[in-house]
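Only the coordinates and a few stated rules stand behind these numbers; no lab work does. This one's a predicted model, so the numbers in the text were calculated from it and none came from an experiment. Counting neighbours? That spans all protein chains shown, and the Cβs are built from the backbone with ideal geometry, glycine included.
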Amino acid sequence: MSAAVRTRTRDPRVILNALRERVPQLVNDVGVKDLWDREVRLLLRDSVSVPSLAERVLGQGVAYLITAMESPGVDMGVGRTVDIGVHQLILDTPLYFAFCDAYNGGRYKHHAPLIERRRDGTVMRTAELLRRNGFMVDDELWAGDESDCSPCDDKVPDSH
């Protein structure tokens, strides 16, 4: 008999909302119901015009940041589209500090982008890292920017 294979899928919405106790003041902002809703609404305010796309971009941003924090020293990078979600999370600094506290051992994870974009397959390798880390990968978002990576560098200790 073969043993059943248990697969684990990590839900970015659940992960984000689990940080609520660490940043309760953010949930009270303009009547948002939870942290997920807050970040989606900020994306809609600033950079994404379609709610379903904002949710997809945010979910992949959460998956990327968690994977980067759980994989120190691993070469990773996103394309322009997913980078919008990553930047949204980093710009909401109380939330990003809560991320770092929960997933990076309480240490701040620096964001140290390179100026030149890379075109070496990093985007799709990163998508596979997310998949192996238990996240669903929105292949359309990753493949759309496959050849245009927004890489980060390890020139700053503990950076992505």
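Before moving on, here are some points about what is shown:
- Counting only DSSP H runs of at least 4 residues, each contributing -39500 (n - 2.57), and dividing by the residue count of the chain, the helix-based mean residue ellipticity at 222 nm comes to -15000 deg cm²/dmol.
- Taking label positions 7 Å along the Cα-Cβ direction at both Val74 and Ala18, the computed distance is 1.7 nm, reported to one decimal.
- Gaussian network model of the chain, springs between alpha carbon atoms under 10 Å - residue of Val48, Val32, Val62 with greatest fluctuation: Val32
- Taking amide hydrogens as placed 1.01 Å from N in the peptide plane, the amide H of Gly77 sits under 5 Å from those of Thr126, each at least 5 positions away in sequence or on another chain.
- Sequence-distant residues sharing a close amide H with Phe135 (under 5 Å, placed H): Arg10
- Per-residue 3J(HN,Hα) values for region 55-65, derived from phi via the Karplus relation 6.51 cos²θ - 1.76 cosθ + 1.60 with θ = phi - 60°, read 5, 5, 5, 5, x, 6, x, 4, 4, 5, 5 Hz in sequence order (x marks Gly and Pro).
- Shown in residue order for region 104-116 are the 3J(HN,Hα) couplings computed by the Karplus curve 6.51 cos²θ - 1.76 cosθ + 1.60 at θ = phi - 60°: 10, x, x, 8, 5, 9, 5, 10, 10, x, 7, 6, 6 Hz (x for Gly and Pro).
- Extents of region 58-139, largest first, come to 32, 29, 23 Å (Cα atoms, principal axes, whole angstrom).
- Under the Karplus curve 6.51 cos²θ - 1.76 cosθ + 1.60, θ = phi - 60°, whole-Hz ³J(HN,Hα) for region 39-47, x wherever Gly or Pro sits: 5, 4, 5, 5, 4, 5, 5, 10, 8
- Inter-probe distance in nm under a simple model that places probes 7 Å from Cα toward Cβ, at Asp120 and Arg8: 3.1
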